[in-house]
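The values are calculated or read from the model by the stated rules, or taken from the named source; none is laboratory data. As the structure is a computational prediction, the values presented were derived from the model and not from experiment. Note: ideal-geometry Cβ built from the backbone for every residue, glycine included; neighbour counts use all protein chains shown.
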Ligand code: SF4
């Protein structure tokens with residue numbers, strides 16, 4: 001006889017929103033309660049809730065604990081998507097969402113019943129491993145363990161351990177180099193017709209675009225001179241299939257690999273989806289023709305996970321490690337950041353839990369690792385070498401190119417989608433910073449665990465123990481490096497500097513940097529508690545002396561590392577008998593990570609030589625103290641290329657055969673609204689290798705004149721926070737939510753949010769905010785896109801990256817004209833632009849127009865989208881108006897007028913029927 005189904009436990013449930021707090025006793029109805037009552041209720045007994053950190057933030061009580069349904073969901077359905085709201089959970093579970101806040105506690109109980117019922121179902125896909133993980137979670141005192149135990153019986157056959165269930169990757173022979181082929185326009189158009197499907201609307205812009213893209217696949221005429229195409233692709237032309245058509249024809253004919261690089265995870269997801277039209281999920285031999293490839297710091301490191309599960313993580317961290325292990329068993333590719341691990345999972349646990357499970361610090365021991373053959377990172381690298389299409393991001397493409405590390409051939413055909421971000425990505429990739437955090441990481445990498453450190457961190461000596469004992473000179477080099485690394489900052493360095501007691505030459509240097517930055521601050525930032533910076537001009541004698549000592553110390557560290565690199569090379573050339581292929585791979589890995597640390601040290605030494613020495617016209621250097629809420633969190637010297645496209649051209653463009661940069665906002669617009677290519681050409685790096693790029697532009701097919709309206713509100717005074725908050729509140733109310741509010745300063749965003757969130761919540765208009773809600777940006781966007789009454793406030797990441805088509809986004813409200821921040825770097829680039837005859841003001845205008853165009857681009861994502869773009873600016877210069885697409889109605893109005901326009905509904909819906917939906921997506 002089957003065991004009787006256990007009864008779900010009767011538990012109280014708590015819901016908190018900006019409109020209030022509701023608690024229901026087991027079996028009772030919900031009552032609105034005060035904060036004190038809610039806190040007491042949670043202290044007395046386990047309480048059901050959804051997203052405990054968010055509830056804690058609403059209560060203003062960070063120590064709140066309870067039975068969080070999101071954790072239960074992560075256990076039951078690891079690697080499955082769920083928007084972490086009552087509505088989102090209801091959709092994931094297939095039950096009715098609550099009607100309002102007061103009904104939510106009851107809904108939480110219904111959700112619990114539905115989730116516990118999953119455990120009894122035969123079709124529960126993620127049953128394997130659940131019982132074993134639950135035993136570990138019980139030992140970690142996970143509050144759900146007791147609740148779940150009666151519902152998850154012990155399986156008859158023992159469950160396999162996670163590390164036994166993961167598949168091993170296979171080594172494959174290297175692909176031959178791609179055949180040199182020319183592809184014809186007919187082939188490309190035929191492929192486009194196949195990919196878009198029968199009966200699809202023929203889009204002339206897309207056909208023309210696809211034809212232009214095929215140019216980059218033509219055989220190259222001269223070494224170092226790739227085909228370079230700059231392609232402006234107006235929103236809605238169907239850019240993705242436009243380039244995947246020639247790409248898939250070329251990949252098939254040449255048997256080569258195309259890399260498409262993106263800036264946002266959204267586009268990566270879209271590309272993965274759309275590539276299914278051109279490639280199957282798997283080839284006949286089981287290999288994947290399309291692979292998403294990210295930097296190694298995105299993937300789960302199994303060795304770190306094993307360590308965390310075996311005591312490396314304590315308390316709540318131990319619970320996180322077990323839930324991540326559940327996920328790893330079901331994950332598609334082990335990608336923890338933007339892959340199938342729910343973005344909200346990490347935010348439910350103490351900070352840095354997720355990042356500590358990735359390989360952030362380059363401590364990988366490669367073939368020395370017991371999980372090497374199952375490692376997600378190694379698998380991703382190998383599958384991409386066999387793929388037809390690799391979907392990557394700008395930073396990874398550039399880092400791989402700069403460090404020359406590739407599995408298989410380096411990419412020679414590259415498409416940079418979201419190409420307007422290539423400059424910024426190159427700017428960060430080719431930057432150098434000698435700061436406390438970087439320096440202490442280097443110390444840990446060399447020395448390994450010191451006092452009080454947890455976890456499996458190992459130093460050079462442990463990683464290379466066998467080589468060191470076999471090769472005397474190598475062993476001595478390791479010893480010497482460990483000795484020299486004592487000069488680097490150690491734990492507690494910030495405290496020692498604050499107390500005026502730095503230890504060692506690098507801490508002394510950072511102390512002098514800090515003293516100089518504070519001495520020279522004229523921004524008021526030192527008083528106000530913000531980060532501050534100063535250029536390296538006329539450095540004080542004490543700073544020059546400290547820089548010289550630090551330079552000597554760094555050179556003293558670089559020397560034994562160089563020797564060690566040579567010894568490893570010698571061991572590889574004349575290998576001992578015991579060195580098997582895994583050992584060789586491990587030494588190869590060590591050589592590689594040693595190589596880039598040697599380069600890092602050389603870059604630091606060059607930066608220090610600048611203090612008291614001559615400036616290098618190619619670089620902009622400065623000193624900075626990074627602070628948050630008046631507390632220092634880092635101190636350092638920084639170096640950026642004046643033009644980061646110079647190294648980009650050298651390491652990415654020059655070795656390539658065909659490259660395209662494409663985006664809806666690649667080119668600026670002139671006064672007539674036509675493309676102005678000057679900025680795009682200079683931001684492509686072409687001129688550094690004497691290339692003349694081919695240019696093409698396909699306008700958007702969207703009817704902006706009918707679907708959009710730009711309103712410039714002229715009666716909100718700059719700096720008047722009360723008026724700014726009032727304007728946001730009225731505009732959000734007028735449009736009934738569906739508003740994206742964009743800010744240039746976090747401080748103002750927080751001030752506005754604090755003033756209006758409660759009031760809007762009472763009108764059933766939820767307001768979410770980056771930098772306020774304890775939720776990651778991707779999840780915030782999911783929540784916003786899932787609820788047409790929700791609004792979202794955010795900063796740059798939202799302006800550039802979110803893609804919310806449809807009714808959820810009906811207005812974008814900018815707090816002000818997005819002027820560039822007047823940093824030292826900005827000033828230097830502005831001056832260089834002015835010197836070249838452009839004028840400093842024109843430099844700023846280009847940046848602002850690009851930002852406005854990006855922000856406007858969030859509004860109209862499909863042909864049927866319609867909405868208002870509002871800028872709160874008393875003095876919006878007319879010369880910036882060309883940022884908006886040609887034909888878009890633009891008006892300067894009072895706030896009252898703007899409110900009544902928004903209240904009347906989106907422009908295309910005023911007095912008309914909504915147009916028939918046409919399948920034209922934003923790309
Ligand atoms: S091979 Fe490296 S990254 Fe992979 S699991 Fe082992 S230590 Fe982690």
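So here's what we get for this one:
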{"item": "One residue from 336, 309 being within 16 Å of the ligand (Cβ to nearest atom) and over 25 Å from the mean Cα position of the chain (by Cα)", "result": "309"}
{"item": "Test: residue in the range 131-142 that is surrounded by 13 or more Cβ atoms within 10 Å (Cβ to Cβ), closer than 30 Å to residue 386 by Cα and touching a residue at least 40 places away in the same chain (Cβ under 8 Å)", "result": "no"}
{"item": "Close pairs (8 angstrom Cβ cut-off, 6 or more residues apart or separate chains): free of Cβ contacts under 8 Å to residues at least 24 places away in the same chain in the range 420-449, surrounded by fewer than 19 Cβ atoms within 10 Å (Cβ to Cβ) and part of a helix (DSSP H, G or I) anywhere", "result": "448/461; 448/462"}
{"item": "Single residue of 560, 502 found to be surrounded by 15 or more Cβ atoms within 10 Å (Cβ to Cβ) and part of a loop (DSSP other than H, G, I, E, B)", "result": "502"}
{"item": "Of all residues making up the range 366-375, the number that are within 6 Å of the ligand (Cβ to nearest atom), more than 20 Å from residue 400 (Cα to Cα) and outside any loop (DSSP other than H, G, I, E, B)", "result": "1"}
{"item": "Flag for residue 566 being out of contact with any helix residue (DSSP H, G or I) (no Cβ under 7 Å at 6 or more places or on another chain) and modelled with pLDDT under 95", "result": "yes"}
{"item": "Within the range 750-771, tally of residues that are more than 13 Å from residue 84 (Cβ to Cβ), free of Cβ contacts under 8 Å to residues at least 60 places away in the same chain and either in contact with a strand residue (DSSP E or B) (Cβ under 8 Å, 6 or more places away or on another chain) or outside any helix (DSSP H, G or I) (or both)", "result": "8"}
{"item": "Conditions (1) part of a helix (DSSP H, G or I); (2) more than 9 Å from the ligand (Cβ to nearest atom); (3) buried (at least 19 other Cβ atoms within 10 Å of the Cβ): number failed by residue 378", "result": "(2)"}
{"item": "Index of the failed condition, residue 264 passing every other in (1) at pLDDT 90 or above; (2) more than 16 Å from the ligand (Cβ to nearest atom); (3) under 27 Å from the mean Cα position of the chain (by Cα)", "result": "(1)"}
{"item": "Filter result for residue 537 (surrounded by fewer than 16 Cβ atoms within 10 Å (Cβ to Cβ), without any contact (Cβ under 8 Å) to a residue 60 or more places away in the chain and in a loop (DSSP other than H, G, I, E, B))", "result": "yes"}
{"item": "Subset of the range 339-365 that is away from the ligand (no atom under 16 Å from the Cβ) and part of a helix (DSSP H, G or I) - its residue that is farthest from residue 67 (Cα to Cα)", "result": "353"}
{"item": "Identity of the residue in the range 736-749, modelled with pLDDT under 95 and either on the phi > 0 side of the Ramachandran plot or not in a loop (DSSP other than H, G, I, E, B) (or both), that ends up surrounded by the fewest Cβ atoms within 10 Å (Cβ to Cβ)", "result": "747"}
{"item": "Of all residues making up the range 675-702, the number that are part of a loop (DSSP other than H, G, I, E, B), surrounded by fewer than 17 Cβ atoms within 10 Å (Cβ to Cβ) and in contact with a helix residue (DSSP H, G or I) (Cβ under 9 Å, 6 or more places away or on another chain)", "result": "1"}
{"item": "Matching entry among 652, 659 (being at pLDDT 95 or above, part of a helix (DSSP H, G or I) and in contact with a strand residue (DSSP E or B) (Cβ under 8 Å, 6 or more places away or on another chain))", "result": "652"}
{"item": "Some residue of the range 274-293 being part of a loop (DSSP other than H, G, I, E, B) and within 16 Å of the ligand (Cβ to nearest atom)", "result": "yes"}
{"item": "Test for residue 440: is it over 30 Å from residue 227 (Cβ atoms), within 20 Å of the chain's Cα centre (by Cα) and assigned to a helix (DSSP H, G or I)", "result": "no"}
